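Below is one structure, written out as structure tokens; the observations come after it.
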């Protein structure tokens with residue numbers, strides 16, 4: 001397929017590279033053009049404008065937040081103006097449910113298709129093509145996009161014909177990851193102050209009760225105190241918690257733990273942790289306990 005890709009950050013670069021390796025005709029656009037050099041060297045075309053990335057069958061956006069997506073889609077020279085009728089905008093960004101609904105309506109009005117397809121996985125998973133894709137949109141559009149999802153991920157979950165539901169699932173998943181990080185941090189702080197080696201404790205947890213990769217990945221980061229460079233920045237984690245709280249308020253669903261996570265991020269930022277990995281909130285419990293951290 002002829003595909004455009006907008007947003008070559010840590011996640012986007014790996015996704016775009018896998019689309020290229022799968023044989024798709026790829027045009028990339030990034031606001032900071034220097035980031036395009038590596039993938040252009042692999043055979044992608046470099047678009048100098050958003051319009052140049054919108055001349056194919058589909059265009060991906062993988063951008064950090066609502067504001068960035070709104071600018072690229074609705075701004076002058078953006079996707080709405082330039083994507084052909086019948087072509088697909090695939091949004092893999094983690095954005096608000098409200099924005100996903102607005103995007104769906106705008107693309108329908110323009111005669112275009114919109115598929116929300118956020119992904120689960122950190123940058124190393126994106127680079128290896130093993131993301132999990134959560135997709136929602138019109139059946140014809142999700143079917144057309146299926147080969148693209150196969151290129152970037154190990155499994156695709158098509159959950160609905162309504163795009164915003166995919167974003168709700170993504171936000172709920174990130175909320176649960178935040179819960180794991182906070183609870184791991186508290187548990188490690190408890191046993192660590194009691195004289196138990198954090199690494200041995202983590203081995204016990206992941207070998208018995210909690211064998212899921214998330215416990216190993218984030219538990220190791222917390223036990224090692226290894227929060228830089230950020231695989232997923234704390235500011236983005238905070239943004240996702242704010243978005244899940246907004247969705248919960250709209251649906252009138254109390255999420256008291258999400259409110260706690262929101263405050264944990266504010267505490268991290270108050271201590272200068274803006275540029276750390278979001279798993280750094282897991283180190284706050286040890287600091288609160290007056291314990292020595294790695």
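We did not get these values from a lab; they are worked out from the coordinates using the rules stated. Being a predicted model, the structure only gives us computed values, none of them experimental. Note that we place each Cβ from the backbone using ideal geometry, even for glycine, and neighbour counts take in every protein chain shown.
Miscellaneous remarks
- Option label - Rg/Rh (Cα atoms, Kirkwood Rh) computed here, alternatives (i) 1.00; (ii) 1.08; (iii) 1.05: (i)
- Segment 81-203: C-alpha gyration tensor shape, a/c 1.5 cut-off, then a/b vs b/c: prolate
- From the alpha carbon centroid of segment 217-274 to that of segment 145-179 is 20 Å.
- Computed from the C-beta positions of residue 162 and residue 186 and an R0 of 25 Å, the FRET efficiency is 0.10 to the nearest 0.05.
- Length-normalised contact order of the chain in % [C-alpha pairs under 8 Å, at least 6 apart]: 15 percent
- Length-normalised contact order of segment 2-161 in % [C-alpha pairs under 8 Å, at least 6 apart]: 21 percent
- Compared with the dominant Cα axis of the chain, that is its longest principal axis, helix 213-224 is turned about 50°.
- Expected 222 nm ellipticity per residue - DSSP helices of 4 or more, -39500 (n - 2.57), all of the chain, to 500: -16000 deg cm²/dmol
- Helix 234-251 and the longest principal axis of the C-alpha atoms of the chain enclose an angle of approximately 80°.
- Antiparallel %, DSSP beta bridges [both residues in the chain], to 5: 15 percent
- Judged by the gyration tensor of its Cα atoms, with axes a ≥ b ≥ c, segment 2-161 is rounded; a/c sits under the 1.5 cut.
- Order of 162, 49, 156 - criterion: other Cβ atoms within 10 Å of each residue's Cβ, fewest first: 49, 162, 156
- Principal-axis analysis of the Cα atoms of the chain puts helix 10-21 at an angle of about 50° to the longest axis.
- Cα gyration tensor category, rounded, prolate or oblate, for segment 33-96 with a/c compared to 1.5: oblate
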